[in-house]
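Read-outs: derived from the displayed coordinates by stated rules, not from any lab. The shown structure was predicted, so the numbers you read here are calculated from the model rather than taken from an experiment. Note that we place each Cβ from the backbone using ideal geometry, even for glycine, and neighbour counts take in every protein chain shown.
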Amino acid sequence: MNKLDDADWLYTISSKRKLIDFNFAEIWRYRDLLFLFVKRDVVTVYKQTILGPLWYLIQPLFTALTFTLIFNKVANIETGTVPPFLFNLAGISIWGYFNTCLKSTSDTFKSNAAIFGKVYFPRIIVPLSIIISNLMKFGIQLLIFIAFYIYYYFSGADIHINSSLVFFPIIVILMGLLGLGIGMLISSMVTKYRDLKFLVGFGVQLLMYVSAVMYPLALMREKLPKIAWVVEYNPLAYIIETARYMLLGTGTFSWFGIIYTVVVTLVVLMLGIVVFNRTEKTFIDTV
């Protein structure tokens with residue numbers, strides 16, 4: 001038999017890959033599979049639940065109410081002219097998208113080991129599908145925020161939408177990419193260090209408290225100037241602060257914060273892709 005050259009094949013699957021390999025052409029070829037994964041993530045999560053997609057609404061509403069009672073009523077955290085509940089709902093909606101993306105992608109290899117071991121496809125499609133499917137959940141929560149915004153606006157609350165709102169999709173994309181990058185890093189490490197998954201939930205909870213979710217960034221600088229740097233070096237804090245500035249016209253807008261966030265996001269994403277690509281070659285032997 002004559003040996004076939006690589007040129008005789010439509011596609012060649014090889015373990016040899018570049019250090020940073022984000023093959024958009026290959027991902028586009030598997031776009032139908034990406035759509036199926038997105039559909040699976042949306043349909044199956046709440047398929048056998050009583051309330052179904054209503055959990056998308058219940059979670060942020062009850063969390064915002066709890067934050068309002070504890071941080072605004074008991075701890076007396078001021079939110080300026082913005083109603084505390086609306087202030088918290090805006091922060092929780094943005095944070096919730098990152099939180100869900102991070103937790104879901106951090107278990108990519110372990111939860112998909114069975115299918116990864118049977119058939120080839122670009123493994124990065126799985127975490128990408130999680131980021132995309134969670135956009136639907138975020139969209140529903142954003143509609144709830146809009147409903148409460150309209151209610152408070154016609155109730156006389158001093159709130160207004162900033163003209164920079166046209167750049168809001170960029171903020172959402174940054175949040176998703178940052179969650180994707182961190183999630184891929186954690187997922188890669190979990191294949192070797194199983195106990196790391198138990199720290200993810202606890203670590204994300206701590207991260208929320210230093211991400212300016214339930215308080216203005218300026219308040220941290222005023223009340224706790226010595227440790228405010230912990231929040232100021234957190235790119236998530238700038239994303240949430242900027243999102244509230246766009247949606248409610250409160251808080252501050254910092255070009256330094258945005259540029260810093262973009263740089264950190266790209267670095268974390270590239271590092272996540274490198275580690276993810278290296279791990280996918282051998283993870284099946286350790287999972």
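Quick notes on this structure:
- For the chain, projected area of the alpha-carbon convex hull averaged over all directions, nm²: 18.5 nm²
- Translational diffusion coefficient of the range 187-229 (Stokes-Einstein, Kirkwood radius from Cα pairs, 4 °C, 1.567 mPa s): 105 µm²/s.
- When the trypsin sites (Lys or Arg not before Pro) in the range 194-287 are filtered for DSSP coil states and for at most 15 other beta-carbon atoms within 10 Å of their beta-carbon, the remaining sites are 194, 226, 281.
- In percent, rounded to a whole number, the relative contact order of the range 190-252 is 30, using alpha-carbon pairs under 8 Å and six or more apart.
- Helices of the chain meeting both criteria, an alpha-carbon length of 30 angstrom or more along the long axis and an average Kyte-Doolittle score not below 1.6, with helices taken as full DSSP H segments, are 125-154, 168-190, 255-279.
- Relative contact order, whole percent, for the chain stands at 27, derived from Cα pairs under 8 Å and 6 or more residues apart.
- Simple spin-label estimate for residue 278 and residue 229 in nanometres, 7 Å along Cα-Cβ: 3.0 nm
- Looking at the range 92-165, the chymotrypsin sites (Phe, Trp or Tyr not before Pro) that sit in a DSSP loop and have at most 10 other Cβ atoms within 10 Å of their own Cβ are 120.
- Applying a threshold of 26 Å to the alpha-carbon distances of 39/110; 73/137; 73/197; 39/103; 137/226; 197/226 flags 73/137; 73/197; 137/226; 197/226 as lying beyond it.
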